1. Tell me the label-point distance for the pair Asn244, Arg149, using the 7 Å Cα-to-Cβ offset, in nm and rounded to one decimal.
2. Could you pull out every residue, at least 5 positions away or on a different chain, whose amide H is within less than 5 Å of the one on Val27? Hs are placed 1.01 Å off N in the peptide plane, and Pro or chain starts have none.
3. Please label the shape of the stretch 183-297 as rounded, prolate or oblate, based on the square roots a ≥ b ≥ c of the eigenvalues of the alpha-carbon gyration tensor (a/c under 1.5 means rounded; beyond that, a/b larger than b/c means prolate, else oblate).
4. I need the GluC sites (Glu not before Pro) found in the stretch 92-135, filtered to DSSP loop residues with at most 15 other beta carbons within 10 Å of theirs.
5. How high is the relative contact order of the chain, in percent, counting Cα pairs under 8 Å that sit 6 or more residues apart?
6. Between Arg104 and Asn289, what FRET efficiency comes out of the Förster formula 1/(1 + (r/R0)^6) with R0 = 35 Å and r the beta carbon distance, rounded to 0.05?
7. If I compute semi-axes √(5λ) of the Cα gyration tensor in Å from the structure I just sent, which labelled value in (i) 44, 23, 17; (ii) 37, 25, 17; (iii) 30, 21, 19 lines up?
8. Multiply the residue gap between Ala42 and Asn275 by 0.36 nm, knock off their C-alpha separation, and tell me the result in nm, one decimal place.
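Laboratory data are not the source of any read-out in this text; all were calculated from the coordinates shown. No experiment lies behind these values; they were computed from the predicted model shown. A quick note on method: Cβ atoms are made from the backbone with ideal geometry, for glycine too, and the neighbour counts reach across all protein chains shown.
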Amino acid sequence: MSKVLVLGANGLLGQSIIKRFNNEYEVNASSMENESFIDLPAVPYFQADLTIRYDVADLIQKVQPDLIINTSAISNVDLCETEREMTWKVNVKALENILDACGRLKPVVVQISTDYVFDGNNAPYSEMDEVNPIGYYGRSKMSAENIIRNCSLEYIIARTQVLYGIGKRIRPNFVTWVINALKKNENIRVVNDQKGTPTYVNDFSEGLYKLIMQREFGLYHISGNESVSRYDFALKIAEIFGLNSELIEEITTDDLKQKAPRPKNSSFTLNKFINRTRWKTHGVADGLNLLKLEMEQNG
């Protein structure tokens with residue numbers, strides 16, 4: 001069985017990937033925190049700071065992975081605008097440390113990237129479209145993509161967007177934020193002029209698993225298959241979960257006065273991914289229904 005090392009394992013995506021890969025691979029997990037949040041006690045866990053070269057080298061030498069999946073990143077786009085040095089260390093320098101530490105091991109490396117490498121003016125975007133990030137988060141992820149493209153290892157760059165799902169001790173995502181607010185009868189404001197293809201996190205993990213099993217290396221877009229505005233997405237969340245949609249106020253991006261610019265429409269086309277895997281991710285309603293079922297099963 002091949003050894004997999006999942007970096008950023010305590011996050012939403014890391015936890016989902018570990019659960020999907022655990023039966024077929026010898027999975028190892030690593031994150032910044034002193035303890036594992038993963039509900040699989042048999043998965044070995046290593047605390048490591050990827051921005052520290054020695055930590056990364058020591059971790060990779062201990063595990064000796066055949067596959068490294070790097071989900072670690074600062075993805076708070078407003079924070080990235082104000083904390084640029086920290087963002088560069090986590091989103092770019094950490095990847096350089098990972099690649100430097102691989103040495104003679106020659107693992108396959110998976111780097112998670114984002115729709116924010118696009119400016120949002122020419123959606124839907126394929127893997128062939130030119131990147132043009134408009135914020136620092138997107139620029140840092142573009143730089144990471146360029147670094148891994150120029151390495152000597154087999155790699156997958158997997159771009160995704162608007163990830164949602166549940167996990168242990170994870171930060172709120174758009175869907176869980178909407179659900180929790182509406183359950184408390186709180187009014188929320190949601191923009192109608194930002195559009196994308198929301199992604200159920202377990203769909204992403206399944207898609208990545210299929211690419212790796214088929215050794216389909218390179219750049220891929222993995223997201224949900226339906227484009228929707230944030231406002232319409234929030235309305236659908238309320239409908240699926242039986243919540244009060246009248247609490248959702250429709251606003252524009254300008255009303256929020258956010259620090260970081262956002263692409264207005266960063267929707268993906270998935271033709272390359274579907275052609276290689278012969279599998280489709282879910283649309284908005286189906287993805288939310290799968291999440292609802294998962295939440296019911298987890299109490």
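1. Computed distance between label sites Asn244 and Arg149 equals 5.0 nm.
2. Val4
3. On the way: a/c = 2.85, a/b = 1.53, b/c = 1.86.
Oblate.
4. Details: sites: Glu96, Glu127, Glu130; in loops: Glu127, Glu130.
Listed in order of number, the matching sites are Glu130.
5. Numbers: 594 pairs, mean separation 56.8, N = 299.
Value for the chain: 19 percent.
6. Details: r = 47 Å, r/R0 = 1.34.
For Asn289 and Arg104, the calculated efficiency is 0.15.
7. Step by step, semi-axes √(5λ) of the Cα gyration tensor in Å for this structure corresponds to label (iii).
8. Details: separation 233, 0.36 × 233 = 83.88 nm, distance 3.54 nm.
Length gained between Ala42 and Asn275: 80.3 nm.
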